[in-house]
Ligand code: DAH
């Protein structure tokens, strides 16, 4: 009988099944009431008493081995069936992929944070505007050549309905509603009829700033922009103001910062000048205050306007403005940790 037991132990070691049904057949063949292992238990009753101890022990080992082996085969099929329908509740969950803010939002929020620390609040205005808010009230008379500086999209055939070319229009909307002191920034989307290239787009974003109060001077403008530049681009950043022209500011200036890539030594980003332009600014022209019913004798103010794409490209060394609008996740994912 021991031989038979050993033979079965060897046989069971090699058992295989190709399906859950075959595994069940194996159970019936060896472990059911009429199965081969059970038959040995029947036979066991007939052997001599002196042998019972030794044979009984081996028989139990056989039975355990057979049960373990067949259970193991059955479990393999059960697990693979579960994984096919995705129902293995013991697996750790897969985490949902985390999105990230768009780099333009990241930088817009940072600009808002920096000016927020200086007491600037945020206001917004409409993207579809009229001639009055985009041009007229900002001291661009009809036929003024400065209107050509900005290639305007007009809506339908009505020359009075247009897409705003700059966020300076929100200055007018705010002055209409509020008397000084005014200390706000106006972020938003603007539109210009320009050919799309690595450096220009027909849709982009600006942040406008306006500060009107008693005794506001050019020194306040300069100090505000210096603080902004250092916070945004690093404490070593230098600024430089170049005289310029905008109809709504007098005097007007364009502001450069020391090149973010070479620190001012000269490279291809700054075209070997050490400086890159980031915004336009100036003292609000008294004519603009007057046309918006603010007492230009009592109040003075400064304004500035910057492109968010430009700031973002300099800050993150992005070479092509089109990347912001392509929604390529490989580009966008790189801003995951930014706020
Ligand atoms: N609106 C100007 C532009 O889009 C930028 C600008 C220049 C805004 C000077 C200002 C300013 O507020 O004072 O080119």
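The values are calculated or read from the model by the stated rules, or taken from the named source; none is laboratory data. Computed from a predicted structure; not experimentally measured. Cβ atoms come from the backbone with ideal geometry, glycine included; neighbour counts cover every protein chain shown.
Among the residues of the range 282-305, write down those that are part of a helix (DSSP H, G or I) and buried (at least 20 other Cβ atoms within 10 Å of the Cβ).
Passing the criteria: 288, 289.
Please state which one of 219, 156, 195 is closer than 23 Å to residue 240 by Cα and without any contact (Cβ under 8 Å) to a residue 60 or more places away in the chain.
None of the others qualify; the one that does is 219.
Per-residue answers, yes or no, for (1) assigned by TED's automatic domain parsing to the domain that holds residue 325; (2) assigned to a strand (DSSP E or B); (3) over 16 Å from residue 121 (Cα atoms); (4) under 24 Å from the mean Cα position of the chain (by Cα):
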{"position": "174", "(1), (2), (3), (4)": "yes, no, no, no"}
{"position": "180", "(1), (2), (3), (4)": "yes, no, no, no"}
{"position": "186", "(1), (2), (3), (4)": "yes, yes, no, yes"}
{"position": "201", "(1), (2), (3), (4)": "yes, no, yes, yes"}
{"position": "209", "(1), (2), (3), (4)": "yes, yes, no, no"}
{"position": "212", "(1), (2), (3), (4)": "yes, yes, no, no"}
{"position": "223", "(1), (2), (3), (4)": "yes, no, yes, no"}
{"position": "240", "(1), (2), (3), (4)": "yes, yes, yes, no"}
{"position": "244", "(1), (2), (3), (4)": "yes, yes, yes, no"}
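Tell me, yes or no, whether the range 306-320 has at least one residue that is in contact with a strand residue (DSSP E or B) (Cβ under 9 Å, 6 or more places away or on another chain), surrounded by 20 or more Cβ atoms within 10 Å (Cβ to Cβ) and farther than 25 Å from residue 201 by Cα.
Taking every residue of the range 306-320 in turn, none turns out to be in contact with a strand residue (DSSP E or B) (Cβ under 9 Å, 6 or more places away or on another chain), surrounded by 20 or more Cβ atoms within 10 Å (Cβ to Cβ) and farther than 25 Å from residue 201 by Cα.
Give the residues of the range 100-136 that are crowded, with 19+ Cβ neighbours inside 10 Å and in a loop (DSSP other than H, G, I, E, B), sorted by residue number.
Once the filter is applied, which keeps residues that are crowded, with 19+ Cβ neighbours inside 10 Å and in a loop (DSSP other than H, G, I, E, B), the range 100-136 yields 120, 123, 135.
Got a number for residues in the range 92-110 being in contact (Cβ under 8 Å) with a residue 40 or more places away in the chain and closer than 17 Å to residue 310 by Cβ?
Of the residues in the range 92-110, 8 are in contact (Cβ under 8 Å) with a residue 40 or more places away in the chain and closer than 17 Å to residue 310 by Cβ.
Going through the range 224-258 one residue at a time, which ones are more than 15 Å from the ligand (Cβ to nearest atom), surrounded by fewer than 16 Cβ atoms within 10 Å (Cβ to Cβ) and touching a residue at least 40 places away in the same chain (Cβ under 8 Å)?
Across the range 224-258, the qualifying residue is only 227.
Is there a residue being surrounded by fewer than 14 Cβ atoms within 10 Å (Cβ to Cβ) and either under 23 Å from residue 320 (Cβ atoms) or more than 12 Å from the ligand (Cβ to nearest atom) (or both) anywhere in the range 167-175?
No - not one qualifying residue is present in the range 167-175.
Please enumerate the residues belonging to the range 29-42 that are assigned to a helix (DSSP H, G or I) and either touching a helix residue (DSSP H, G or I) at 6+ places or on another chain (Cβ under 6 Å) or surrounded by 13 or more Cβ atoms within 10 Å (Cβ to Cβ) (or both).
The answer is 29, 30, 31, 36, 37, 38, 39, 40, 41.
Output the qualifying pairs, or none if there are none: Cβ atoms under 9 angstrom, residues six or more apart or on different chains, first residue in the range 282-295 and touching a residue at least 12 places away in the same chain (Cβ under 8 Å) and closer than 13 Å to residue 136 by Cβ, second residue away from the ligand (no atom under 14 Å from the Cβ) and in a helix (DSSP H, G or I).
Hits for this filter: 291/136; 292/176.
Got at least one residue in the range 167-185 being in contact with a strand residue (DSSP E or B) (Cβ under 8 Å, 6 or more places away or on another chain) and over 28 Å from residue 223 (Cβ atoms)?
No, because not a single residue in the range 167-185 is in contact with a strand residue (DSSP E or B) (Cβ under 8 Å, 6 or more places away or on another chain) and over 28 Å from residue 223 (Cβ atoms).
Which of the following residues is at positive phi, in contact with a helix residue (DSSP H, G or I) (Cβ under 9 Å, 6 or more places away or on another chain) and within 15 Å of the ligand (Cβ to nearest atom): 282, 305?
Testing whether each residue is at positive phi, in contact with a helix residue (DSSP H, G or I) (Cβ under 9 Å, 6 or more places away or on another chain) and within 15 Å of the ligand (Cβ to nearest atom) leaves just 282.
Identify, from the list 110, 143, 76, the residue that is away from the ligand (no atom under 15 Å from the Cβ) and out of contact with any helix residue (DSSP H, G or I) (no Cβ under 9 Å at 6 or more places or on another chain).
Exactly one residue qualifies, and that residue is 143.
It is to be established whether one or more residues within the range 327-339 are assigned by TED's automatic domain parsing to the domain that holds residue 167 and within 18 Å of residue 191 (Cα to Cα).
Looking through the range 327-339, none of the residues is assigned by TED's automatic domain parsing to the domain that holds residue 167 and within 18 Å of residue 191 (Cα to Cα).
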